[in-house]
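Just below is one structure, and these are the notes that go with it.
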Amino acid sequence: MSEIEPSWDLYRTFLMVLKEGSLSAAARELGLTQPTVGRHVDAMEEMLGFPLFTRSPQGLMPTDAARALQPYAETLAATSAALLRAASGQQDTVSGTVRISASEVIGIEVLPPILAELHAQYPDLIIELSASDAIEDILRQEADIAVRMAVPSQDALVALHVGAVPLGFHAHRRYLDRRGMPETLADLSGHSLIGYDRETAAIRAIIARTPELPDVRFALKADSNLAQLAAIRAGFGIGICQNALAARDPDILPVLAGSFAMKLETWLVMHENLKTAPRCRVVFDALAKGLRTYIRQP
């Protein structure tokens, strides 16, 4: 291995080639030329002393050594992004960039009006919203603030419990007019149900808390909660969604509300090092206020 340490530019190029699988695609994403990306990869391989990619009909395939380096390069990328966000807010006024991590449903269906009101009050704030069911690590600075549906277990975090989001079975009026309203949980076995494709830890916990649910077969399976919500709205069948989201459409009706109910405990989390940063403080407080208002909706 060379005594010369690879620069951040080389690591950034390495990560993009890993993600895109080709020099040309990585070059487009980075705004560089393909030869430049190729030189970056060659330079990094020369400095490290081993190959990072092999060519195949499917593109550039990472070696085992490249896969081993990937998490460390991702940590560098997260730290670099966090540094830029912190530097962007080093003024007396509330300004700069704040990255928020939230689930698909919360990020797309719940947060936008909260963020619109925040932006009207602080127009110099820039919000990066990561709406994904993949959890971004606050300690690794992949995000500044996260909306979590589980109790945070890591140290060095500021965590605020904002309440519990009620959920229940719902269906569109069109579906219920066609198939009828079930009267008991057992009746669900005769209906078209919308549910999950893979049984995650969160879903296993739900099943454990609701042993009265019958063993049902889903007519539509989707890993995405947004896709499940869209299917409910389309009249495909009966599915579980947040009560406040269902209440926005008078044609989305609760099903078996007296027999089944769930709640998602909701937390706001940020790294304790950011609690005095004005840009993070105002975003954290606005999210807390907005989410509590959302949760209190009938």
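Of the residues making up the stretch 33-77, those that are hydroxyl-bearing (Ser, Thr, Tyr) and within 14 Å of residue 11 (Cα to Cα) are 36, 72, 75. Taking first residues from the stretch 14-30 that are free of Cβ contacts under 8 Å to residues at least 24 places away in the same chain and partners that are acidic (Asp, Glu), the Cβ contacts under 6 Å between residues at least 6 apart in sequence or on separate chains come to 16/29; 26/20. Residue count for the stretch 16-40 under the criterion of being touching a helix residue (DSSP H, G or I) at 6+ places or on another chain (Cβ under 7 Å), within 13 Å of residue 60 (Cβ to Cβ) and not acidic (Asp, Glu): the result is 11. The set of residues in the stretch 60-99 that are part of a loop (DSSP other than H, G, I, E, B), open to solvent by less than 60 Å² (accessible area, probe 1.4 Å) and either of a type in the set (S, T, N, Q) or modelled with pLDDT of 70 or more (or both) comprises 63, 94, 95. From the set of residues in the stretch 17-46 that are of a type in the set (S, T, N, Q) and not in a helix (DSSP H, G or I), which is most open to solvent (accessible area, probe 1.4 Å)? Applying the filter and picking the extreme gives 33.
Taken together, the residues in the stretch 114-166 that are modelled with pLDDT of 85 or more, open to solvent by 30 Å² or more (accessible area, probe 1.4 Å) and touching a Lys or Arg at 6+ places or on another chain (Cβ under 7 Å) amount to 2.
The values are calculated or read from the model by the stated rules, or taken from the named source; none is laboratory data. None of these values were measured; they are calculated from a predicted model. For neighbour counting, all protein chains shown are included, and Cβ atoms are generated from backbone atoms with ideal geometry for every residue, glycine included. These area figures cover heavy atoms from the full protein model, side chains too; ligands, DNA and RNA do not enter into them. Shrake-Rupley method; radii C 1.70, N 1.55, O 1.52, S 1.80 Å.
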